[in-house]
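See below for the structure under consideration.
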Amino acid sequence: MRIFYGWKMVGAAIGLQFLQAALMHQAFGAYVATLERDFGWSKTALSGGAALMSVEAAVLGPLLGWIVDRFGAQHMIRAGIVVFGIGFLILSQVDSIGGFYVAVATIAIGSSLCGYFPLTVAVVQWFEKKRARALSAMSMGLALGGVFVPAVAWAMQSFGWRATAVGSGVIAVALGWPLARVFRRSPEDVGEAIDGEPVATGRLVAGSHSAPGTLAPVLAASEQEPGAAAPGAAHSAAPNEAAPPAAREFTAREAMRTSAFWLLSLGHGFALLVVTAVNVHAITHMNTGLGYSLAQASLFITLMTVAQAGGVTLGWAIGDRFDKRRVAAACMLMHAAGLLMLTFAQNSTQLVAFALLHGVAWGQRGPFMQAIRADYFGRSAIGMILGISAAFIAIGQIAGPMVAGGLADLTGDYRVGFTLLAVVAAGGSVAFLKAKRPV
């Protein structure tokens, strides 16, 4: 039986996500701990590296969104993996905080070009009824990448962080380039249709909008997911039923006029306060604050990413059946509880609880963020919509590490900063509950 090409792209996206998570995103904390020890740089200064990644994403987001809507993501992804690898080679040579920022900026640009945003836009163009499932599967690479963090920590201890950075750059390009070449712009490019259905299925409703080179049918009532009403009809889905496809395609400007756009951005930004703070500072907190070795701390990060993979799997199972925003709201409470466990841990059992709560919440919630936006606003301008959203949610990415690191420098530990971020994250559940589908 022929495999739908969209699933091949999902497989390639898993590989690219794995490389980026394993070599940098989830291993960044190991670099922070090592560079702080070797150079004596402050936590605030090192947090600036993570903030720089987010600032770059905020600045480039709308531009990248326009590019992928107009030209597709495939060429951008190929260029990105090369820049990503070059960034590691620059990192291996740094001996000043300025050089560190240059290396991180280069890695960030590469990651933006071949990372979660363009991969999501590429995959969204191939799926509609199975969109949450496809995005959850894609996120498995991000989750599995964290399992590799102990290997990166071991390489730093055995060969030094400079040699580890060089090896990471070579591995990124050698393995990432063949994966980047898998991507195509739309199903029509390979003679297929959305979700792998026969090309003739579905019918366009008068007045609906389609992206250039894409098939964006609004399905008749008999062709919709279980529980979905025809566009314009009254709809009251039971909790275990999927939400209906978007009734029409929104432009980016139209999407920004809805409260749902801003509430989703707010909730997503609050979630990233916790995610980025944990990625940057959790290992250092466990190492210097709780007395665990770098290798031991990395094991808890590995457990967290195993739990993240479990969350992704759960999202695969329920993502197209339950109300995604309610699931996201529950995940925000899990983020908050997990961060508090990490903050006030007295033993390894509490650190295990942190890893499980935070990991499952991240793995389950993460893919839903883009799936909800595609459900609400359609696919024709999804690149620009996601790009503009990225510019706003980057505030959370920037603030999380900076707040945690800055307050740690002021107070001597992470307790105040982590507690503040946990409280804000819990409040983010309200934003998701109120982010209802635009009428």
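Bear in mind these aren't lab numbers, they're just calculated from the coordinates by the rules spelled out. Just so it is clear, the structure is predicted and the values come from calculations on it, not from any experiment. All Cβ positions, glycine included, derive from the backbone under ideal geometry; neighbour counts span all protein chains shown.
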Quiz item: Over the Cα atoms of the chain, how large are the radius of gyration and the largest Cα-Cα distance (Dmax), in Å?
Solution: 21.0, 65
Practice problem: Please list the non-local residues whose amide H lies under 5 Å from the amide H of Tyr292, H modeled 1.01 Å from N, same-chain partners needing a gap of 5 or more. | Solution: Asn287
Quiz item: Karplus couplings for the range 70-86 from phi (6.51 cos²θ - 1.76 cosθ + 1.60, θ = phi - 60°), rounded to Hz, Gly and Pro as x?
Solution: 8, 10, x, 9, 5, 6, 4, 5, 5, 5, x, 5, 5, 4, 4, x, 4
Exercise. Based solely on C-alpha atoms, express the radius of gyration and the Dmax of the range 26-93 in angstrom.
Key: 15.3, 46
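Determine the gain in length on full extension of the stretch Arg37-Asp413; use 0.36 nm per residue of separation and subtract their C-alpha separation, reporting nm with one decimal. Walk me through the numbers before you get to the answer.
Working: separation 376, 0.36 × 376 = 135.36 nm, distance 1.61 nm.
Gain on extension, Arg37 to Asp413, equals 133.7 nm.
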Quiz prompt | Span per principal axis, largest first, for the Cα atoms of the range 260-411 (Å) | solution = 51, 34, 22
Quiz item: How much FRET efficiency would the formula 1/(1 + (r/R0)^6) give for Trp7 and Asn347, where r is the Cβ-Cβ distance and R0 is 30 Å, rounded to 0.05?
Solution: 0.10
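When the helices in the chain are scored as -39500 (n - 2.57) per DSSP H run of 4 or longer and the sum is shared across all residues, what 222 nm value do you end up with, to the nearest 500 deg cm²/dmol? Let's see the in-between values first.
Numbers: 16 runs with 304 residues, N = 439.
It comes out at -23500 deg cm²/dmol, rounded to the nearest 500.
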Quiz prompt | Coarse-grained scattering of the range 104-161 at q = 0.15 Å⁻¹, given as base-10 log I(q)/I(0) from a Debye sum over alpha-carbon atoms | solution = -0.62
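When the Kirkwood hydrodynamic radius is evaluated over all pairs of different C-alpha atoms of the range 265-353, what value in angstrom, to one decimal, is obtained? Let's see the in-between values first.
Working: mean 1/r = 0.0706 Å⁻¹.
Result for the range 265-353 stands at 14.2 Å.
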Exercise. Starting at the first residue of the range 347-357, write each ³J(HN,Hα) from the Karplus equation 6.51 cos²θ - 1.76 cosθ + 1.60 with θ = phi - 60°, in whole Hz, x for Gly and Pro.
Key: 7, 5, 4, 5, 5, 5, 4, 4, 4, 6, 5
Quiz item: Which entries in the list Lys8/Lys434; Lys43/Lys436; Lys8/Lys324 go over 29 Å, if you measure between the two C-alpha atoms of each?
Solution: Lys8/Lys434; Lys43/Lys436
Self-check item: Between helix 28-39 and the chain: long-axis angle, C-alpha atoms, 0 to 90°, nearest 10
Solution: 20 degrees
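With the convex hull built on the Cα atoms of the range 116-202, state its orientation-averaged projected area in nm².
6.8 nm²
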Quiz item: Between Gln93 and Ala317, what is the label-to-label distance in nm when each label sits 7 Å out along the Cα-to-Cβ direction?
Solution: 5.0 nm
Self-check item: Residue-by-residue Karplus 3J(HN,Hα) for the range 104-113, coefficients 6.51, -1.76, 1.60, Hz, glycine and proline x
Solution: 5, 4, 5, 4, 5, 4, x, 5, 5, 6
